[in-house]
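Encoded as structure tokens, the structure appears first; notes follow it.
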Amino acid sequence: MPVEEFVAGWISGALGLVLGHPFDTVKLLGFFKGMSFPIASIAVVNSVLFGVYSNTLLALTATSHQERWAQPPSYTHVFMAGCTGGFVQAYCLAPFDLIKVRLQNQTEPRARPGSPPPRYRGPVHCAVSICREDGPWGLFRGAWALTLRDTPTLGIYFVTYEWLCRQSTPDRQNPGAATVLVAGGFAGIASWAVATPLDVIKSRMQMGGLKHRVYRGVLDCMVSSARQEGLGVFFRGLTINSARAFPVNAVTFLTYEYLLSSWG
């Protein structure tokens, strides 16, 4: 199994997160709040996504990454490989994402005389607290919604990227840097347009333990949210997600393609 895709995914994920983290947190509370933990975790998760995607595509087509532009795989194979990567990524991401959301949503005042301390003192304390209150499976709160979000979304993500690259590049040639940047950016926007409704549900289920608002499952959370706040609630955050998605995914794909072409 080629490992270059995992390493390239790890590095490109870290760079993309550094660029996109302010957008990700401004919709919650802080600007660079809780950044060190997401950098460490999302880089690992991104390596899983790109590694599983590339190796699944290799298994389906028997074509290496360096040969894919000369012998492009079918969009069906690209979609299947993207869905596989999204499914595996979701379960790797779930505990990290839950801890990140909990830390970002802390509303306790910071270290003021007489003010109560934050509920969580950091990622490790957050993880331990969740396990103590809900058991080890508590770390996977919202994992099912995350899986429903990421599995088809990442299939669409990679198909959009491949399609845009092919439309802007002569046959059998590698896409240029500008093409990769634009295709990666629009792939990110397309994926978030599909993912945002389930991202809202995922975040609400993850925060259920803090707000003492318990949902019986994904469907119950969807019905309750729509009944109380209307259908518009499912597109809350779409603008900021799209603003974040373009630069983050442009840089992610450019770094990924550059590293693999350099090592190839």
>> Along the charge dipole of region 144-264, pointing to its positive end and built from +1/-1 on Cβ of Lys, Arg, Asp and Glu, which listed residue (G230, S168, Y258) has its Cα farthest out?
In response: G230
> Between region 177-206 and region 43-99, what's the alpha-carbon centroid distance in Å?
Replying inline: 16
> For H65, what is the net charge nearby, where nearby means another residue's Cβ is under 13 Å from its Cβ and Lys, Arg count +1, Asp, Glu -1?
Replying inline: -4
>> If you take every residue apart from L219 with its C-beta less than 14 Å away from the C-beta of L219, what net charge results, scoring Lys and Arg +1 and Asp and Glu -1?
In response: +3
> Carbon-plus-sulfur fraction of the accessible area of region 121-264, 1.4 Å probe, in percent?
Replying inline: 63
> What does the charge count near Q89 come to, summing +1 for each Lys or Arg and -1 for each Asp or Glu among other residues with Cβ under 12 Å from its Cβ?
Replying inline: -1
>> Tell me the per residue accessible area of region 142-223 using a 1.4 Å probe; a whole number in Å² is fine.
In response: 45
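The values are calculated or read from the model by the stated rules, or taken from the named source; none is laboratory data. Owing to the predicted nature of the structure, the values given are computational and were not obtained by experimental measurement. We place every Cβ from the backbone using ideal geometry, glycine too, and count neighbours over all the protein chains shown. Remember, those area values only see protein heavy atoms, side chains included, never the ligands or the DNA or RNA. Shrake-Rupley method; radii C 1.70, N 1.55, O 1.52, S 1.80 Å.
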